[in-house]
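The values are calculated or read from the model by the stated rules, or taken from the named source; none is laboratory data. A quick note: this is a predicted structure, and the numbers were derived from the prediction, not measured. With ideal geometry, Cβ positions are generated from the backbone for all residues, glycine too; neighbour counts draw on all protein chains shown. When the accessible area is computed, the model is the full protein with side chains, heavy atoms only, and any ligands, DNA or RNA have been set aside. Shrake-Rupley method; radii C 1.70, N 1.55, O 1.52, S 1.80 Å.
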Amino acid sequence: MSEQGDWARWLSEAQAGNRRSYEALLRAALPWLRGMARRRFPWADAAEAEAMVQDTLLALHRNLHLYDPGRPAEPFLLGILKLRGADRRRMRARHQVRETPLDDVPVTSMALATKETQEVAIDAGRVSSAVGALPPRDREILEMLKLREMSLAETSAATGMSVGALKVATFRAIRRLRAKLGVTDEE
Amino acid sequence: MRSEDLITSLAQDLGAVRPLPSPARLLAVWLGVSVPVLAAITLMMGPRPDLAGKCGEAGFVISQGLGVVTAVVSAYAAFCAGRPDQPGWKLWAPMLAMLVWLGDLGRQCAVVSLQDAGGVLRLQLDPMCVPAIVIAGVIPAGLIVALMRRSATFRRDHACLCGALAAGAAADVALRLFHGSVNIATLLLWQMGSVMLFTSTAWFISSTILRNVARAPRRRQLAG
């Protein structure tokens with residue numbers, strides 16, 4: 001490849017701080033690195049191969065001082081790609097040991113729960129966020145009557161509503177809460 | 001992040017860097033400091049009384065020569081290991097040199113034991129070897145770590161192993177100039193055992209030091 005003759009020059013100019021040469025080198029080397037990553041690491045999918053190329057660019061940036069200006073640039077870039085690819089392969093192997101395939105486990109299975117009380121906590125969280133989404137008046141009535149377990153008379157005194165109006169408001173607040181939770185009347 | 005965007009930001013972040021000297025040049029620096037230091041240690045400890053006679057023995061000269069080759073090849077490999085464009089055979093050459101060196105000592109041990117009907121294999125305590133190797137090896141080991149600190153990103157463990165082996169081999173070459181073993185089996189066990197112990201300890205310590213050196217700029221970047 002004739003343009004690769006420029007790569008060594010661009011790389012030594014980059015060592016001297018020339019940003020244009022550095023950018024020209026990286027842009028010219030990018031498709032070459034992508035091709036090399038696909039060829040050298042056939043096990044890697046497209047995202048992983050691109051991650052390897054980006055690791056290579058970052059490693060090159062941090063180790064520009066290691067390049068010997070008298071030597072060709074391609075073995076230097078390829079060497080970094082091979083070392084970073086090997087790092088990724090080791091990391092992938094380490095992660096695979098710790099991973100558990102979930103394909104055979106039903107979505108509703110309690111096997112996925114890490115704590116026995118997890119389901120209760122999830123339900124409480126859903127109710128709490130649904131209550132938070134109600135109008136302030138509904139929230140206040142439900143909190144007094146259902147959470148603090150105050151009597152109708154006490155709630156009536158606290159809110160200034162008549163007991164009858166309070167009953168109607170409570171009924172409507174619960175209906176709105178059920179709607180927020182996605183619970184239909186048939187359930 | 002797209003690779004094209006990454007390239008733009010890397011180019012904006014570029015600053016001038018000073019290229020690292022070549023491995024051959026670093027090797028010359030290491031030898032230029034280590035050889036006078038080892039010579040001074042040998043003079044301070046006092047050369048062994050039979051040194052002149054030993055220098056006429058082919059076995060001693062070959063074994064010392066192989067020790068020197070192992071030290072030089074290992075140091076060169078240590079300086080090459082951190083560079084991504086160096087071929088693999090350079091990195092594994094020290095293992096071959098060490099095997100030849102150990103093999104020659106083993107061969108000498110076997111030959112002498114056959115001539116001496118096994119008497120030469122009687123092991124004797126020679127605990128002086130361990131501190132002597134440490135005294136002789138600590139400066140070459142420290143120097144090689146200092147010279148490798150800027151190339152500690154790639155193949156760090158391999159570089160540290162080669163560097164530790166270089167310092168251990170150089171220390172053993174010096175040790176045999178001021179400390180003699182009673183027989184070849186004692187030499188093989190105590191001196192080479194000390195070299196191996198020194199190499200593995202220095203490998204661990206240098207690897208830890210260089211890992212911290214490599215992390216330090218990243219920590220500074222994150223803090224900044």
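Quick notes
- Calculated FRET efficiency, residue B:110 to residue B:211, Cβ-Cβ distance, R0 = 35 Å: about 0.25 to the nearest 0.05.
- Restricting the chymotrypsin sites (Phe, Trp or Tyr not before Pro) of the range A:43-77 to loop positions (DSSP other than H, G, I, E, B) with no more than 12 neighbouring Cβ atoms within 10 Å leaves A:43.
- Kyte-Doolittle mean at least 1.0, axial Cα span of 20 Å or more - DSSP H helices of chain B: B:23-45, B:58-81, B:129-148
- Longest exposed-site-free window of chain B, the sites being trypsin sites (Lys or Arg not before Pro) in a DSSP loop that have at most 12 other C-beta atoms within 10 Å: B:3-121
- Within-13-Å neighbourhood charge of residue B:68 [Cβ basis; K, R +1; D, E -1]: -1
- For chain B, the equivalent ellipsoid built from the Cα gyration tensor has semi-axes of 41, 17, 15 Å, listed from largest to smallest.
- In this structure residue B:55 has an accessible area near 80 Å², from a 1.4 Å probe over the protein heavy atoms.
- Interface burial in the range B:78-104 reaches 40 Å² or more for B:84, B:85, comparing the full protein assembly with the chain by itself; accessible area from heavy atoms with a 1.4 Å probe.
- Summed residue charge, Cβ within 11 Å of residue A:79's Cβ, Lys/Arg positive, Asp/Glu negative: +3
- The translational diffusion coefficient of the range A:116-180, from Stokes-Einstein at 20 °C and 1.002 mPa s with a Kirkwood hydrodynamic radius over alpha carbon pairs, comes to 172 µm²/s.
- Per-atom-type breakdown for the range A:4-98 gives carbon and sulfur 51% of the accessible area (1.4 Å probe, protein chains only).
- Percent carbon-and-sulfur accessible area, chain B, ignoring ligands, DNA and RNA, probe 1.4 Å: 69
- Using the 1.4 Å probe convention, the accessible area of the range A:4-98 works out to 48 Å² per residue with neighbouring protein chains retained.
- Note on the protein assembly as shown: helix-only mean residue ellipticity at 222 nm, from DSSP H runs of 4+ residues weighted -39500 (n - 2.57) and normalised by residue number, equals -24000 deg cm²/dmol.
- Placing a pseudo-label 7 Å from each Cα along the Cα-to-Cβ vector at residue B:4 and residue A:58 gives an inter-label distance of 2.2 nm.
- Interface area, B with A, accessible, probe 1.4 Å, both sides summed, Å² nearest 100: 2800
- The value given for the range A:4-98 is a Kirkwood hydrodynamic radius of 13.8 Å, derived from the mean inverse Cα-Cα separation.
- Solvent exposure of the range A:116-180, expressed per residue, is 67 Å² of accessible area, with all protein chains present and a 1.4 angstrom probe.
- For the range A:116-180, carbon and sulfur atoms together expose 56% of the accessible surface, with a 1.4 angstrom probe and every protein chain in place.
- Applying 1/(1 + (r/R0)^6) with r as the Cβ-Cβ distance of residue B:16 and residue A:129 and R0 = 51 angstrom yields a FRET efficiency of 0.40.
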